[in-house]
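Chemist: First, the structure itself, so that you have it in front of you.
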Amino acid sequence: MNFFNKVKPIFLFLFLIILPFICHALDIDIVNARPSLYTKLKEMGLDDAEIKEIFSDKRIALYPEILERRGKGINYLSPKFGLLSKKSIKRGKKILEENVSILNKINSVYNVDKEVLVAIYRLETNFGSYLGNYSVFNALLTLTLMDNRRSEWAEDELVNFIALSRLHKKDIFSIKGSWAGAFGICQFVPTSFLQYAVDGDNNGIIDLFNFHDAMASMANYLKNHGWERGNMEKMKKAVWHYNHCDNYVKAVFLYSRAIKR
């Protein structure tokens, strides 16, 4: 064992000890640490007291381990992922059967194949069984403040997350999602929520953890990205916008055909 491996646990312990103090200093340092973030929040209409309230909350935490995460490279067709297994296909067909009235209603509005919506639902969260356990706010804050290639993108998503939380009267620390800041059973990032999320069941609330709202929002997203039933090139391009990965697009259409049969 080399010297680094011996002292690594000590450094990790010290980091975990001082991390709360670093985080609670954000209300003091946010102007210097990320002046562009401060400016955007002010332009959004927040005053200094509101900004201080957000960034001095005791629930703030940073997740340095997510900096090395990658969103691409998943083999959706591998046996481990199990997309085309008998069990997976059976579950997809059951989702279609149990929600046929909801999905037909969405289809009548957006003209998006219900099998494709269920396929995305399967790939994104395994039918809602894996939603992510990260605080969306803290994940985006980490990607914003800690130097990485996503910092500028994450800053805009963080601002939009604060905006949607205020608009929909949500506690910003209560929403859990992926390490990249996506949430709900359809895994929208904040910008996608503000642009494409819809109230599918017309109850006055947009809730992406609600099946009807999430499916309608996915359909609205695909429709706004060029989906045209019967035109495979446009349909594939719309799904590609959902996840910029050719293997993802291939997997969505393979699974949608499998559960349709």
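No lab work stands behind these numbers, since they all come straight from the coordinates. Keep in mind the model is a prediction, meaning the values are calculated, not measured. Virtual Cβ from ideal backbone geometry, glycine too; neighbours counted across all protein chains shown.
Chemist: Checking the cross-link filter: which lysines have an alpha carbon closer than 16 Å to that of LYS236, excluding same-chain neighbours under 8 positions apart?
Modeler: LYS114, LYS223, LYS250
Chemist: Defining a contact as two alpha carbons under 8 Å apart and six or more residues distant in sequence, what relative contact order in percent does the chain show?
Modeler: Numbers: 322 pairs, mean separation 47.2, N = 261.
Value for the chain: 18 percent.
Chemist: Count charges around GLY128 for me, please; just the other residues with Cβ under 14 Å from its Cβ, Lys/Arg as +1, Asp/Glu as -1.
Modeler: The answer is 0.
Chemist: Out of SER101, ALA238, LEU140, whose Cα points farthest toward the positive end of the dipole of the stretch 62-261 (charges: +1 Lys, Arg; -1 Asp, Glu; placed on Cβ)?
Modeler: Among SER101, ALA238, LEU140, the one farthest towards the positive end of the dipole of the stretch 62-261 is SER101.
Chemist: Shifting gears a bit: Summing +1 for each Lys or Arg and -1 for each Asp or Glu, what net charge is found among the other residues whose Cβ lies under 15 Å from the Cβ of GLU152?
Modeler: Here the count lands on 0.
Chemist: Turning to a different aspect of this structure: According to the Kirkwood expression over distinct Cα-Cα pairs, how big is the hydrodynamic radius of the chain, in Å? Don't jump to the answer; show the numbers that get you there.
Modeler: Working: mean 1/r = 0.0498 Å⁻¹.
The Cα-based Kirkwood calculation yields 20.1 Å.
Chemist: Among ASP156, ASP47, ASP57, which one shows the highest mean-square fluctuation when the chain is modelled as a Gaussian network with alpha-carbon springs under 10 Å?
Modeler: ASP47
Chemist: With the dipole of the chain worked out from charges on the C-beta (+1 for Lys and Arg, -1 for Asp and Glu) around the Cα centre, which of VAL112, LEU37, ALA182 lies farthest toward the positive end?
Modeler: So the residue furthest toward the plus end is VAL112.
Chemist: Hey, another quick one. Among ILE185, ILE74, ILE162, determine the one that fluctuates most according to a GNM of the chain built with springs between C-alpha atoms less than 10 Å apart.
Modeler: Maximum fluctuation in the GNM of the chain, among the listed residues, is at ILE74.
Chemist: Counting other Cβ atoms within 10 Å, which GluC sites (Glu not before Pro) in the stretch 57-131 have at most 15 and lie in a DSSP loop? Numbers along the way, then the final one.
Modeler: On the way: sites: GLU65, GLU68, GLU97, GLU98, GLU115, GLU124; in loops: none.
For GluC sites (Glu not before Pro) across the stretch 57-131 that sit outside H, G, I, E and B with at most 15 neighbouring Cβ atoms in 10 Å, the list is empty.
Chemist: In Å, what Kirkwood hydrodynamic radius results for the stretch 171-255 from the alpha-carbon pair distances?
Modeler: Result for the stretch 171-255, one decimal place: 13.6 Å.
Chemist: In 5 Å bins starting at 0, how do the alpha-carbon pair distances of the stretch 114-184 split up by percent?
Modeler: Calculated P(r), rounded to whole percents: 4, 17, 23, 20, 16, 14, 5, 1, 0.
Chemist: What size of dipole, in debye to the nearest 20, comes out for the chain about its Cα centre when the only charges are +1 on Lys and Arg C-beta atoms and -1 on Asp and Glu C-beta atoms?
Modeler: For this selection, approximately 1600 debye.
Chemist: Quick check: net charge around LYS223, other residues with Cβ under 12 Å of its Cβ, Lys/Arg +1 and Asp/Glu -1? Each step should come with its number before you reach the end.
Modeler: Numbers: positive: ARG229, LYS234; negative: ASP113, GLU228.
Net charge in that neighbourhood comes out at 0.
Chemist: Now, a different point. In the Gaussian network model of the chain, springs joining C-alpha atoms below 10 Å, which of GLY177, GLY82, GLY92 carries the largest mean-square fluctuation?
Modeler: Most flexible of the set in this elastic network: GLY82.
Chemist: With everything on Cα atoms, drop me the angle between helix 232-242 and the longest principal axis of the chain, reported from 0 to 90° to the nearest 10.
Modeler: Helix 232-242 and the main axis of the chain meet at about 20 degrees.
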